[in-house]
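**Q** Let me give you the structure first, and then I'll get to my questions.
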Amino acid sequence: IQPIVENAIIHGFASSNDGYLKINLDLIKAKGLLCVAVEDNGSGIETNTKDELKTKYGSVSGSIINERLEILKKKFKVDAKMEISSSNTGTTVQLFLPYILDEI
């Protein structure tokens, strides 16, 4: 989550004095996933395609995140993934991560 929050701060706040960062957590029990959404109001990521967007997002950090998500997919057998939406009014990155509940 940390590199996504860093990118939101750097790029979201760099383009405005009124930058904001919103982090939302949702539990999707039916799929065994935790959705972490990080949203900023920056100028967005300029790309031509969704594949290019995934490649450009955070370049090295994006690659590392995707590698770790693949490991989580295999280990926990869930649809761990990263979804990115961007426009000229901001960027939202959603991470879908597996979770384990400790039962007492």
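The values are calculated or read from the model by the stated rules, or taken from the named source; none is laboratory data. Keep in mind the model is a prediction, meaning the values are calculated, not measured. Please note: Cβ atoms are built from the backbone with ideal geometry, for glycine as well, and neighbour counts cover all protein chains shown. Please note that ligands, DNA and RNA were not included when accessible areas were found on the heavy atoms of the full protein model with its side chains. Shrake-Rupley method; radii C 1.70, N 1.55, O 1.52, S 1.80 Å.
**Q** Roughly how much of I9 is accessible, in Å² to the nearest 10, using a 1.4 Å probe?
**A** 80 Å²
**Q** Eight or more residues apart or on different chains, and alpha-carbon atoms under 14 Å: count the Lys pairs in the chain matching that.
**A** Taking the chain as the scope, the lysine pair count is 5.
**Q** Still on this structure, please answer the following. For the chain, what does the accessible surface come to per residue with a 1.4 Å probe? Please give it in Å². Display every interim value, and only then the final one.
**A** On the way: 7120 Å² over 104 residues.
Per residue, the chain has 68 Å² of solvent-accessible surface.
**Q** Tell me the angle of helix 60-76 to the major Cα principal axis of the chain, expressed in degrees between 0 and 90 and rounded to the nearest ten.
**A** 20 degrees
**Q** Let me check against my output: what whole-number percent is the relative contact order of the chain, with C-alpha pairs under 8 Å and at least 6 apart?
**A** 30 percent
**Q** Count charges around F13 for me, please; just the other residues with Cβ under 12 Å from its Cβ, Lys/Arg as +1, Asp/Glu as -1. If you can, show how the numbers build up before the last one.
**A** Values: positive: none; negative: E6, D18, D40.
Once all neighbours under 12 Å are counted, the net charge is -3.
**Q** Okay, moving on. Return the carbon/sulfur percentage of the accessible area of the chain, one whole number, probe 1.4 Å, all protein chains in place.
**A** Carbon and sulfur: 52 percent of the exposed surface of the chain.
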